[in-house]
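Following: one structure in structure tokens, then a few remarks.
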């Protein structure tokens, strides 16, 4: 696993994944699953699922709207797991009404904000979205 460091709950664990295609989302999910399973103690299954959902949404949105590539950094300490996804587009996500009729999206940003303990965005040459979830 690309730069994976797994540690006990009192230390910090981190891993980094880069992607530039929708086919790479599967690998990103697999790395995220391995990351959460490797934490001591591992998060409860519903928390691990929430982390996986946030990673999937952010990586997919980075490909669709953020310039076609992303860098994912996962980190954890005793209290939280942080998901950070960077992409080359400095435009921040915007919430839009979910499309219940044609299936064109609008659900992801709402889900991320609802699942998160904290969300922040830093801008530079692109942006990084930081999402913290309780462990």
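The values are calculated or read from the model by the stated rules, or taken from the named source; none is laboratory data. Every value quoted in this text rests on a predicted model; they were computed, and no experiment measured them. For neighbour counting, all protein chains shown are included, and Cβ atoms are generated from backbone atoms with ideal geometry for every residue, glycine included.
Brief remarks on what is shown
- Qualifying residue in segment 93-111 (condition: outside any loop (DSSP other than H, G, I, E, B) and touching a strand residue (DSSP E or B) at 6+ places or on another chain (Cβ under 8 Å)): no
- Criterion violated by residue 53 - all others in (1) surrounded by fewer than 16 Cβ atoms within 10 Å (Cβ to Cβ); (2) out of contact with any strand residue (DSSP E or B) (no Cβ under 9 Å at 6 or more places or on another chain) satisfied: (1)
- Only residues that are part of a loop (DSSP other than H, G, I, E, B) and within 22 Å of residue 106 (Cα to Cα) were counted in segment 25-64, giving 0.
- Any hit, segment 76-87, residues being modelled with pLDDT of 95 or more, in contact with a helix residue (DSSP H, G or I) (Cβ under 7 Å, 6 or more places away or on another chain), surrounded by 18 or more Cβ atoms within 10 Å (Cβ to Cβ) and over 24 Å from residue 135 (Cβ atoms): yes
- Taken over segment 96-119, the criterion of being over 27 Å from residue 16 (Cβ atoms) and surrounded by fewer than 12 Cβ atoms within 10 Å (Cβ to Cβ) is satisfied by 97, 99, 100, 101, 102, 103, 104.
- Residues of segment 120-135 that turn out to be within 15 Å of residue 92 (Cβ to Cβ) and either touching a residue at least 24 places away in the same chain (Cβ under 8 Å) or surrounded by 16 or more Cβ atoms within 10 Å (Cβ to Cβ) (or both), as a count: 10
- From 52, 72, residue being under 10 Å from the mean Cα position of the chain (by Cα), under 19 Å from residue 31 (Cβ atoms) and free of Cβ contacts under 8 Å to residues at least 24 places away in the same chain: 52
- Subset of segment 76-92 that is part of a strand (DSSP E or B) and under 16 Å from residue 18 (Cβ atoms) - its residue that is farthest from the chain's Cα centre (by Cα): 87
- For the criterion of being more than 15 Å from residue 134 (Cα to Cα), touching a helix residue (DSSP H, G or I) at 6+ places or on another chain (Cβ under 8 Å) and either modelled with pLDDT under 95 or surrounded by 14 or more Cβ atoms within 10 Å (Cβ to Cβ) (or both), residue 93 passes.
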